[in-house]
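*Asks:* Structure below; questions to follow.
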Amino acid sequence: MTTASWVAGVDEAGRGPLAGPVVAAAVILDPARPIAGLRDSKALSPQRRAVLAQAIRERSVAWAVGIAEADEIDAVNILQATLRAMRRAVAALGVVPTEALVDGNVLPRLDCPARAIVKGDRDVVAISAASIIAKTTRDAMLDVLDAHYPGYGFARHKGYPTPAHLDALARLGPCPAHRRSFGPVAQQFLRF
C-alpha cells in the first residue's frame with residue numbers, strides 16, 4: 001500500500017454527556033481488507049458495534065484514540081476539548097495520513113491536510129469506523145466509572161442527561177467524573 005491511500009477517518013463520542021471524557025478516534029482503513037457493515041455508531045446495536053470494533057482493530061492499517069477528561073473539558077470548553085482529542089488521536093496513529101476526513105464542520109489543527117464532512121459518520125466508511133472505535137472506547141470507560149462511582153448508573157446511560165442520571169445527580173451531588181461546566185452539574189454544585 002502506498003502512503004497515497006492513507007486517509008484517516010476521524011470522529012468523536014461523548015460531546016453531550018454530563019460526565020466522563022470526550023473520546024476521539026482516528027482510523028486508516030486497509031482497502032485490501034474491507035469491513036462490511038460500517039456505518040455511524042449511533043445506528044448500530046452495542047453488540048454489532050463491539051463486533052465491528054474488533055474487526056477495525058484487526059484489519060486497519062492504523063487506529064488510535066485521543067481523550068480529553070472532564071477537567072480538561074471544563075477548562076477549555078467541550079468544542080476545544082473535542083478538537084484536542086481529535087488531534088491526539090491522529091498524532092497517535094503511528095502513520096502520518098495523507099489526509100484526514102473529520103466528521104462535522106470544524107477542523108482540529110493537524111499535521112496533514114484535512115477536510116470537515118458534515119454527516120461524515122454516515123457517508124464515509126473511514127469516519128464510520130472512527131465513530132465505532134470512539135463510541136466503544138468511551139462506553140468501556142463509562143463502565144469503569146460506574147464501578148468507581150456507584151449509584152449514578154454510568155454503565156446504563158454513559159453519562160448522558162437521562163432522567164435516571166439527573167435523579168442520581170440530584171440525590172448524590174456531582175462526582176469527580178462530572179463536567180462541572182455543564183448546566184445541570186453546575187446547578188448541583190450550588191446545592192452541595
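*Asks:* Which lysines, if any, have their Cα less than 21 Å from the Cα of K158, not counting same-chain residues under 8 positions apart?
*Replies:* Of all the lysines, those that pass the test against K158 - Cα under 21 Å, at least 8 places apart if same chain - are K42, K135.
*Asks:* For the chain, what is the calculated [θ] at 222 nm in deg cm²/dmol (nearest 500), taking -39500 (n - 2.57) for each run of four or more DSSP H residues and dividing by its residue count? Intermediate results must be reported in sequence, preceding the final value.
*Replies:* Numbers: 8 runs with 86 residues, N = 192.
My calculation for the chain gives -13500 deg cm²/dmol from helical runs alone.
*Asks:* Further question: Got a sec? Which residues in segment 116-149 would a label at A164 touch, if it sits 7 Å along Cα→Cβ and we count backbone N under 17 Å?
*Replies:* Zone members listed by number: 139-149.
*Asks:* Continuing with this model, one more query. Where nothing but the Cβ of Lys and Arg (+1) and of Asp and Glu (-1) is charged, how large is the charge dipole of segment 1-117 around its Cα centre, in debye to the nearest 20?
*Replies:* On the way: 13 positive and 12 negative charges, 71 e Å.
With Lys and Arg at +1 and Asp and Glu at -1, about 340 debye.
*Asks:* Follow-up question, since we're still on this one. Would you list the P(r) distribution for segment 1-90, with all Cα-Cα distances sorted into 5 Å bins from 0 and each bin expressed as a whole %?
*Replies:* Taking all Cα pairs of segment 1-90, the binned fractions are 3, 14, 21, 21, 18, 13, 7, 3, 0 percent.
*Asks:* Hydropathy first: keep DSSP H helices in the chain averaging at least 0.0 on Kyte-Doolittle, then drop any whose Cα extent along the axis falls short of 15 Å, and list what survives.
*Replies:* Details: long enough: 46-59 (20 Å, -0.87); 78-91 (19 Å, 0.55); 125-148 (35 Å, 0.71).
Correct list, ordered by number: 78-91, 125-148.
*Asks:* Just how many % of Cα pairs in the chain lie over 23 Å apart, if you round to the nearest whole percent? Before the final figure, lay out each step's value.
*Replies:* Values: 7665 of 18336 pairs.
Distances greater than 23 Å cover 42 percent of the Cα pairs.
*Asks:* To continue, here is another question. Could you state the number of Å between the C-alpha centres of segment 16-86 and segment 94-142?
*Replies:* Comparing the Cα centres of segment 94-142 and segment 16-86, I get a distance of 7 Å.
*Asks:* Let me ask something else about it. Starting with the highest mean, order 123-134, 78-89, 139-150, 106-117 by the number of other Cβ atoms within 10 Å, averaged over the residues of each peptide. Write out the running numbers ahead of the final one.
*Replies:* Numbers: 123-134: 27.3, 78-89: 22.4, 139-150: 16.6, 106-117: 14.9.
Answer by packing, highest mean first, reads 123-134, 78-89, 139-150, 106-117.
*Asks:* What percent antiparallel are the DSSP beta bridges of segment 3-148, to the nearest 5? Walk me through the numbers on the way to the answer.
*Replies:* On the way: 13 of 21 bridges.
Counting DSSP beta bridges with both partners in segment 3-148, the antiparallel share is about 60 percent.
We did not get these values from a lab; they are worked out from the coordinates using the rules stated. Keep in mind the model is a prediction, meaning the values are calculated, not measured. Cβ sites come from the backbone with ideal geometry, for glycine too, and all protein chains shown count toward neighbours.
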